[in-house]
1. Filter the trypsin sites (Lys or Arg not before Pro) in segment 80-160 down to the DSSP loop ones having no more than 13 other Cβ atoms within 10 Å, then list what survives.
2. Starting from the residue with the highest accessible area, list Lys190, Lys260 in decreasing order, probe 1.4 Å.
3. Given the options Val43, Tyr6, Ser70, identify the residue whose Cα lies farthest towards the positive end of the charge dipole of segment 1-125 (+1 on Cβ of Lys, Arg; -1 on Cβ of Asp, Glu).
4. Counting Lys +1, Arg +1, Asp -1, Glu -1, what net charge surrounds Thr246 among other residues with beta carbon under 15 Å of its beta carbon?
5. Expressed as a whole number of Å, what is the distance separating the alpha-carbon centroids of segment 87-107 and segment 274-324?
6. Just to confirm, what accessible area per residue do you get for segment 29-98 at 1.4 Å probe, in whole Å²?
7. Once you list every other residue whose beta carbon is under 11 Å from the beta carbon of Pro128, what net charge do they have if Lys and Arg are +1 and Asp and Glu are -1?
8. Which of the aspartates and glutamates could a cross-linker bridge to Lys172, judged by Cα under 13 Å and excluding same-chain residues fewer than eight apart?
Amino acid sequence: MSKHQYAMVMDLNKCLGCQTCTIACKKLWTDRDGTGYMYWNNVETRPGLGYPRQWDRIGGGWKDGLLQPSPLPTMDDYGHAWEYNYEQRLYEGKKQPVMPSPEPESGVNWDEDVGSMNEDENYFFYLPRICNHCTHPACLEACPRKAIYKRDEDGIVVIDQERCQGYRYCIKACPYKKIYFNEVTGKSEKCIFCYPRLEKGQVNACAAQCPGRLRFVGILDDPESPVHKLVLVHKIALPLFPEKGTQPNVFYVPPFNPPKRDNYGKSIQEDPRVPLDYLIYLFGPEVKDVIVRLEAELKKTQEGGRSEALQLLIGRDAETRYRVRPQLVQIQL
Ligand code: SF4
Ligand code: SF4
């Protein structure tokens, strides 16, 4: 158990699917040889196959105190990193259209906006994903080299690149498939929760760049932090697939869209846009209580009252959304 734990809350009602976070992370951390296919932060459309394909169905995590390793995803599942023929098109004057190579068949955002594929009842929403910096990380337990560790001062899970031998047991064990193998270095790599930025008092790049302002960052055990308030006080944010047993520290405010309307403009109260069963699949049965709480907060404001929880979720300024304490980590170094 770490002394403190950094956490992130993402409000799924505000995600635009613009991938600004993905690119911010990509340019900062995975712009090197061997990292072409890696997206430490990705935003996938749900329902959908995700990245890597079917990651939520192949296994990993814990069951009855035992690790549940899954098969390794293949490069086809991630989608090969493709390049474009810019050289030929722009500099050699060849008149081919700009084309990717190899021809893509899957990718990090491959099924964008496809959604439920049900013509009459189609729905979708965006799900941004990073490593959850779990409290009980399956990746860490699975590593025979003890190359993965949780930083005592802030709970961030990192891989010691000197110790890692590229065995990939961590990838099999992580139920979120948030560790990637670098074939050039022969080591595994993952999201580092931007700890070099946090240590300087700057928030994670994905959060800083997000135009939807849906990410909240802070220390879970700090009563003043927005993540503490959203997760532990207002209880309106939940981890993804809690039954996988890793105790994730990335939490989501579930989509609580208004009901659909029929052809005559009547509200279809019993028929929510995103089926409850699907939200239960993602966030567990507690999601029902969260939606009830969110609706109660909404009602409060509609009746002229003030909702602290919704004011926080609006998150107008960085001071509201982030509480990054550089002094905390510096003291411990
Ligand atoms: S999400 Fe996966 S890689 Fe990240 S700490 Fe949890 S088990 Fe490890
Ligand atoms: S930058 Fe923000 S709004 Fe855009 S995809 Fe990422 S999380 Fe969603």
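The values are calculated or read from the model by the stated rules, or taken from the named source; none is laboratory data. None of these values were measured; they are calculated from a predicted model. Ideal geometry is used to build each Cβ from the backbone, glycine not excepted, and the neighbour counts take in all protein chains shown. Heavy atoms of the whole protein, side chains included, go into the accessibility calculation; ligands, DNA and RNA do not. Shrake-Rupley method; radii C 1.70, N 1.55, O 1.52, S 1.80 Å.
1. Answer by residue number: Lys94, Lys95, Lys146.
2. Working: Lys190 10, Lys260 40 Å².
Largest to smallest exposure gives the sequence Lys260, Lys190.
3. Of the options given, the answer is Tyr6.
4. So the environment of Thr246 carries a net charge of +4.
5. Centre-to-centre (Cα) distance: 45 Å.
6. Per residue, segment 29-98 has an accessible area of 58 Å².
7. Local net charge: +2.
8. Counting by Cα, and skipping residues close in sequence, Lys172 has these aspartates and glutamates nearby: Asp56, Glu141.
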